[in-house]
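Nothing in this text is a laboratory measurement; each read-out follows from the coordinates by a stated rule. Note that the structure is predicted; figures quoted are calculated from it, not measured. Because the Cβ atoms are built from the backbone with ideal geometry, glycine has one as well, and the counts that use them run over all protein chains shown.
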Amino acid sequence: MRAMSDSLQQLQSQLANCMLADRHALRRKLRDVADLQKLANENSMSKAQRLLGEIAQKINKSQQKYQQRLVNLPNTRSSCPYQAAAMKSLRPSKKIRS
């Protein structure tokens with residue numbers, strides 16, 4: 001029982017590195033597991049253990065997708081010559097004194 005609650009807490013802490021779109025459903029499933037643990041009968045404990053395995057796989061998949069998205073973010077400070085020229089054109093021009 002203690003090991004299952006530890007793994008439940010560990011999975012909850014891993015939600016921060018999951019895709020935002022997946023977090024709500026995963027958090028809800030983790031609450032379902034906690035509710036099953038409160039029942040404390042053999043059937044609910046085996047179902048909770050099975051659900052923990054499924055949730056762990058979904059969290060892992062979501063974390064991989066999250067990391068891949070982070071890697072593929074565009075570099076906003078690139079050294080592209082076209083970007084540098086565009087930035088120059090956005091600068092305010094100097095006023096000519098008369």
Quick check: net charge around Ile55, other residues with Cβ under 15 Å of its Cβ, Lys/Arg +1 and Asp/Glu -1? +4
Subtracting the Cα-Cα distance of Leu51 and Gln67 from 0.36 nm times their residue separation yields 3.4 nm
All aspartates and glutamates inside 12 Å of Lys65 as judged from Cα atoms, apart from same-chain residues fewer than 8 positions distant: Asp22
